[in-house]
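Note sheet for the following structure.
The values are calculated or read from the model by the stated rules, or taken from the named source; none is laboratory data. Nothing here was measured: the structure is a model prediction, and the numbers come from that model. For neighbour counting, all protein chains shown are included, and Cβ atoms are generated from backbone atoms with ideal geometry for every residue, glycine included.
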Amino acid sequence: MKILLIENRIERLEKFSKIKEYKIIDIYTGEKIKKLKEKIAENNLESLNSYSAMMLHSSYFTQSERSKIKNYCQNNKYPLVFFSGGISQATYDSKKFPFLNIGVKDFYSEKLIQFIQHTEQTGTIELRLLQFGPEWKLSLLYDLRNNLSNIIYQYESQTKNNKICTLSLSELEKLNQHEAFELLDEVLKEKFNHICKVGSKIDHISSLEELKKELNEFIKAQ
C-alpha cells in the first residue's frame, strides 16, 4: 500500500521532515508534479493507479486539474485529501468516496503521523484521523449527541404551554444520516430509526431523553 503526497512547498516538507521516514508515503515535488500536470492535461491518470490514497496541496492546481483528480478518485473510490492555507475548517464527505478538505496547519501536525502509523499497522485508510486524531470516533459521537440535544431543545421549546410540536422529518433524519450512526450498536441504531419514523408524532419528551441517556452510556463504554 502506498499513499501519494503532492507538495510544491519544499520548506513544509523540510519542517515536517519526519514524514520521509515512512516508506508508505511517496512524495511528489518539483519535476514530478510538473509531469503529473502534463498527464492531467492529457486526461491520463493511469500513473496514479499504484496509490491507495492521495493527499495534495490543492491551491497549486487549477480548478480543472482538481476536478479531474477528484473525479478520478471518486470513480476508483480512492480516499482523497485537499489541504490548503485557504481552508479554515476541515470538512469530510464519504457519500461518494472518502474526501477531506483540511487547512494546511491542521494537516501538517502530529495527526498526520498518527494517520500514517495507523495505515501501516492496520492496512486501512481512515481520513477522519487527520481531522480529529485518534479520538475521531468519540468526536463524531459527541457531535451526534449535540445534534440530539438540539432536537430535544426544539421539542421542549415547541411543546411548552401545550403548543404542538412541528419538528420536521428532515430534522430528525439528520440523526440517522450522521457519520456517527454507523458507529452505534444495532439496538441504538434501531431506536434512532424509530424516532425518525415516528417523526413529529413523538408523544413525550421522555422518548428523546431516554435515547440521549442510552447514547451517553454507549459513549462512556467506548
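Here are the numbers for this structure:
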read-out: Leading residue by the ranking (surrounded by the most Cβ atoms within 10 Å (Cβ to Cβ)) among those in the stretch 114-138 that are at pLDDT below 90 and among the charged types (D, E, K, R); value: K137
read-out: Complete set of residues in the stretch 151-190 that are more than 16 Å from the chain's Cα centre (by Cα), modelled with pLDDT of 85 or more and in a helix (DSSP H, G or I); value: E186, V187, L188, K189, E190
read-out: Identity of the residue in the stretch 59-111, of a type in the set (D, E, K, R) and part of a helix (DSSP H, G or I), that ends up farthest from F16 (Cα to Cα); value: K68
read-out: Where S50 falls short, out of the listed (1) over 20 Å from the mean Cα position of the chain (by Cα); (2) at pLDDT 95 or above; value: (2)
read-out: Residues of the stretch 1-10 satisfying the condition of being surrounded by 17 or more Cβ atoms within 10 Å (Cβ to Cβ) and outside any loop (DSSP other than H, G, I, E, B); value: I3, L4, L5, I6
read-out: Positions within the stretch 11-47 being touching an Asp or Glu at 6+ places or on another chain (Cβ under 7 Å), more than 14 Å from I69 (Cβ to Cβ) and in a helix (DSSP H, G or I), in sequence order; value: L13
read-out: Only one of K68, K77, K95, K111 that is basic (K, R) and at pLDDT below 90; value: K95
read-out: Positions within the stretch 178-190 being closer than 14 Å to R145 by Cα and of a type outside the set (D, E), in sequence order; value: H178, A180, F181, L183, L184, L188, K189
read-out: Count of residues meeting criterion [of a type in the set (G, A, S) and within 26 Å of the chain's Cα centre (by Cα)] in the stretch 8-46; value: 1
read-out: Qualifying residue in the stretch 127-140 (condition: under 14 Å from L5 (Cβ atoms), in contact (Cβ under 8 Å) with a residue 40 or more places away in the chain and of a type outside the set (S, T, Y)); value: yes
read-out: Long-range neighbours under 8 Å by Cβ, at least six apart or interchain, first residue within 17 Å of E179 (Cα to Cα) within the stretch 77-95, second of a type in the set (S, T, Y) and outside any strand (DSSP E or B); value: P79/S52
read-out: Extreme residue, surrounded by the fewest Cβ atoms within 10 Å (Cβ to Cβ), among residues of the stretch 57-111 that are more than 12 Å from L127 (Cβ to Cβ), out of contact with any Ser or Thr (no Cβ under 8 Å at 6 or more places or on another chain) and among the hydroxyl-bearing types (S, T, Y); value: S88
read-out: Those residues of the stretch 1-23 which are hydrophobic (A, V, I, L, M, F, W, C) and modelled with pLDDT under 95, in sequence order; value: M1, I10, L13, F16, I19
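Here's the yes/no breakdown for (1) assigned by TED's automatic domain parsing to the domain that holds K105; (2) touching a residue at least 12 places away in the same chain (Cβ under 8 Å); (3) surrounded by 12 or more Cβ atoms within 10 Å (Cβ to Cβ):
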{"residue": "R12", "(1), (2), (3)": "yes, yes, yes"}
{"residue": "S17", "(1), (2), (3)": "yes, no, no"}
{"residue": "Y28", "(1), (2), (3)": "yes, yes, yes"}
{"residue": "E31", "(1), (2), (3)": "yes, no, no"}
{"residue": "K39", "(1), (2), (3)": "yes, no, yes"}
{"residue": "E42", "(1), (2), (3)": "yes, no, no"}
{"residue": "S50", "(1), (2), (3)": "yes, yes, no"}
{"residue": "M55", "(1), (2), (3)": "yes, yes, yes"}
